[in-house]
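The values are calculated or read from the model by the stated rules, or taken from the named source; none is laboratory data. As the structure is a computational prediction, the values presented were derived from the model and not from experiment. Ideal geometry is used to build each Cβ from the backbone, glycine not excepted, and the neighbour counts take in all protein chains shown.
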Amino acid sequence: MKATVRMQLLAEQLELKYQRQPIWKIDQLFWSQGQSIWLQGKNGSGKTSLLKVLAGLQKPSRGRVHLQTTHTNPLEACCYLHQHPYMFNTSVRNNLKIAAQGQTAAKQNKATRITEALAWAQLESKADQAAQTLSGGERQRLALARAWLVQPRFWLLDEPTASLDTEAVEELAYLIQDLQKQGCGLLVTSHQDNPVTALCSEHWLLNNGSLKTS
């Protein structure tokens, strides 16, 4: 899934308000493919809202987000993954089939990609198991595998390690490290350092309505 065109996401004059009260204001933000960033902030600081705005899933009160050097819509290049990913009430394999429905590849190629996604996420032995019976770590890996089928350039991971045990976090970190090797941009929120945040070379802090980048 290596990207052939390196993209940069740019946000300008971003502002978010809730019931007319300012949550955060960011004059300018750059995020390039290949950058891995750990975003921190207190509860209620607006981290989740920022991720959703950057992914094109939520409109800011002011400002815009766009991709430089391409006409691709952020929704097509970005993937936001929630802390508690939704599982369709069917098997693991069928969850992947649903994710692949929007792809234009031939049916045979889709089947191959689904098999590859199962192997990539280390879920081959769980393929026919009901997705809603998976453990927390397995759910996160399935969510990553569903997104992997779509081949986003930018991954926004909202508290992916929350409530996971040490082994599950390490398994998740292995997949995220592979995404780095594929040239993807990663923006991860987490309250504590762990094997996933250790992969990030940059640190952003959302505090008192402003974003500090390093």
Exactly one of Leu211, Leu157, Leu205 is among the aliphatic types (A, V, I, L, M) and closer than 30 Å to Gln103 by Cβ, and that one is Leu157
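Quick grid of which residues meet (1) at pLDDT 95 or above; (2) among the acidic types (Asp, Glu); (3) closer than 29 Å to Trp120 by Cα:
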{"site": "Thr4", "(1), (2), (3)": "no, no, yes"}
{"site": "Lys17", "(1), (2), (3)": "yes, no, no"}
{"site": "Arg20", "(1), (2), (3)": "no, no, no"}
{"site": "Leu29", "(1), (2), (3)": "yes, no, no"}
{"site": "Gly34", "(1), (2), (3)": "yes, no, yes"}
{"site": "Gly44", "(1), (2), (3)": "no, no, no"}
{"site": "Thr48", "(1), (2), (3)": "yes, no, yes"}
{"site": "Leu54", "(1), (2), (3)": "yes, no, yes"}
{"site": "Arg62", "(1), (2), (3)": "yes, no, no"}
I'd like to know if the range 157-167 contains one or more residues that are among the small types (Gly, Ala, Ser), in contact (Cβ under 8 Å) with a residue 24 or more places away in the chain and more than 17 Å from Gly137 (Cα to Cα).
no
Among the listed residues Gly56, Gly102, Gly63, identify the single one that is surrounded by 15 or more Cβ atoms within 10 Å (Cβ to Cβ), of a type in the set (Gly, Ala, Ser) and either touching a residue at least 40 places away in the same chain (Cβ under 8 Å) or out of contact with any Asp or Glu (no Cβ under 9 Å at 6 or more places or on another chain) (or both).
Gly63
Give me the strands (runs of 3 or more DSSP E) completely within the range 120-214, filtered to those with at least 2 residues that are buried (at least 20 other Cβ atoms within 10 Å of the Cβ) and in contact with a Gly (Cβ under 9 Å, 6 or more places away or on another chain), ordered by residue number.
154-158, 185-189, 202-207
In the range 23-71, what residues are among the basic types (Lys, Arg) and in a loop (DSSP other than H, G, I, E, B)?
Lys42, Lys59
Could you please let me know if Leu75 is part of a helix (DSSP H, G or I), under 16 Å from the mean Cα position of the chain (by Cα) and at pLDDT below 95?
yes
